Amino acid sequence: MINTIPAVLEHRKVATQILLVIGASIFIALAAQIAVPIPLTPVPLTLSPLAVLIVGIVLGSRRGSAAAVLYLLEGLSGLPVGAQGHGGPLWLIGPTAGYLYAYPFAAFIAGWFSERGWGGTIPRAFIAMLVALSVIYAGGWSWLAILSGPRAALSMAIIPFVIADLVKIAIGAAMLPYAQRAIRA
């Protein structure tokens, strides 16, 4: 009986980690539903990039990227987790696909910085989130460059979002030290 206590505790720890990843994927999906169409671009302004960065910093590189991959799998399966309720296989080849494919990498990078102490202060969290956001921008730009050319992609994939994303990551960076403490508690 005494030998089973560590096994039960280990199962609880694994279950907690799985629930954190599932909850984080739901957080990304909910953030994607807050979407504003932007003129002259097929890409809406959403809170999902911010959610991906927060998930990476709060959960760490592996769990954060796992949550982003799970989010993509949820969408691929047809669940309406994307902006404006999109989902299904076509969602992963549409105009936002480059951003979506970059999410696991961005979450990993944000988490990598966090594991090295970059999420504990607002300025360092901002820098970490900015670096990870650049990965999302690179994914979105490269996908749209294939579909419409490099210059058009710049005007559709990056320029309309820079100011809003800087504001979003400033707010996210201000929240992160508190979020990290809550998760670790």
(request) Hand me the list of helices (runs of 4 or more DSSP H) wholly inside the stretch 1-104 holding 1 or more residues that are over 23 Å from ALA179 (Cβ atoms). (result) 4-32, 61-76
(request) Test each condition in (1) among the hydroxyl-bearing types (Ser, Thr, Tyr); (2) closer than 12 Å to THR96 by Cα; (3) touching a residue at least 40 places away in the same chain (Cβ under 8 Å) for TYR137 and report the one that comes out false. (result) (3)
(message) Which count do you get for residues in the stretch 87-126 that are surrounded by fewer than 21 Cβ atoms within 10 Å (Cβ to Cβ), among the small types (Gly, Ala, Ser) and more than 14 Å from the chain's Cα centre (by Cα)?
(response) 5
(request) Any chance you could count how many residues in the stretch 148-161 are under 19 Å from LEU45 (Cβ atoms) and surrounded by fewer than 20 Cβ atoms within 10 Å (Cβ to Cβ)? (result) 7
(message) Checking the structure you have, find out if any residue of the stretch 110-117 is free of Cβ contacts under 8 Å to residues at least 12 places away in the same chain, over 22 Å from THR41 (Cβ atoms), not in a helix (DSSP H, G or I) and not polar (S, T, N, Q).
(response) yes
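Matching residues to (1) modelled with pLDDT of 95 or more; (2) under 21 Å from ALA138 (Cα atoms):
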site: MET1; (1), (2): no, no
site: THR16; (1), (2): no, no
site: GLY23; (1), (2): yes, no
site: PRO37; (1), (2): no, yes
site: VAL52; (1), (2): yes, yes
site: ALA83; (1), (2): no, yes
site: LEU92; (1), (2): no, yes
site: PHE105; (1), (2): yes, yes
site: ILE109; (1), (2): yes, yes
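The values are calculated or read from the model by the stated rules, or taken from the named source; none is laboratory data. All values reported here derive from a predicted model rather than from experimental measurement. Glycine gets a Cβ as well: all are built from the backbone with ideal geometry, and neighbour counts include every protein chain shown.
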